[in-house]
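**Q** So that we are looking at the same thing, I have put the structure below in structure tokens.
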Amino acid sequence: MNKAELIEAMAADAGLSKADAQRALEAFTGAIAKTLKKGDTVSLIGFGTFSVKKRAARTGRNPATGETIKIKASKTPSFKAGKGFKDAIK
């Protein structure tokens with residue numbers, strides 16, 4: 001399912017227009033991104049938890065040349081599915 005298909009499904013299930021469903025989806029993803037950028041987590045009981053994980057600096061290897069390179073520390077978004085969500089897809 002891509003974004004357009006998700007918007008269509010949301011519109012049909014919630015009785016919204018596609019434009020309203022698109023605005024709702026964009027507001028949802030924007031709110032999660034802003035919260036994660038501040039360093040907080042977003043917990044949706046029964047669905048899951050969005051959080052930020054920190055990756056330490058490390059050394060890697062360029063596969064083309066075999067040269068050792070330094071990889072900077074970074075932050076990456078993470079999602080852990082909740083029990084209700086896991087049970088729903090069994």
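**Q** May I ask you to compute the full-extension gain from Arg23 to Ala56, defined as 0.36 nm times their residue separation minus their alpha-carbon distance, rounded to one decimal in nm?
**A** 8.3 nm
**Q** Still on this structure, please answer the following. Hey, what number do you get for the chain at 222 nm if only DSSP H runs of n ≥ 4 count, each worth -39500 (n - 2.57), divided across all residues, to the nearest 500?
**A** Computed mean residue ellipticity for the chain: -13500 deg cm²/dmol.
**Q** If one computes the Cα centroid of segment 4-29 and of segment 73-90, what distance in Å separates the two points?
**A** Their Cα centres are 22 Å away from one another.
**Q** Here are labelled values, [x] 0.97; [y] 1.14; [z] 1.09, and one is the computed Rg/Rh (Cα atoms, Kirkwood Rh) for what I pasted. Which one?
**A** Derived directly from the coordinates: [y].
**Q** Enumerate the amide H contacts of Gly48 below 5 Å, restricted to partners 5 or more residues apart or on another chain; note that Pro and chain-start residues carry no placed amide H.
**A** The list, which skips near neighbours in sequence, is Gly82.
**Q** Within the chain, how many Lys pairs sit with Cα atoms under 17 Å apart, leaving out pairs fewer than 8 places apart on the same chain?
**A** Counting lysine pairs in the chain gives 18.
**Q** Quick one: what are the phi-derived ³J(HN,Hα) couplings along segment 5-21, Karplus 6.51/-1.76/1.60 with θ = phi - 60°, whole Hz, x for glycine and proline?
**A** 5, 5, 4, 4, 5, 4, 4, 5, 6, 9, x, 10, 6, 4, 5, 5, 5
**Q** Using 16 Å as the cut-off for backbone N distance, which residues of segment 72-88 belong to the label zone defined by a point 7 Å from the Cα of Ser43 along Cα→Cβ?
**A** 79-85, by backbone N distance to the label point.
Quick note: the coordinates plus some simple rules give every number you see, no bench work behind them. Quick caveat, the model's predicted, so the values are computed rather than measured. Don't worry about glycine lacking a Cβ; one is built from the backbone with ideal geometry, like all the others, and counts go over all protein chains shown.
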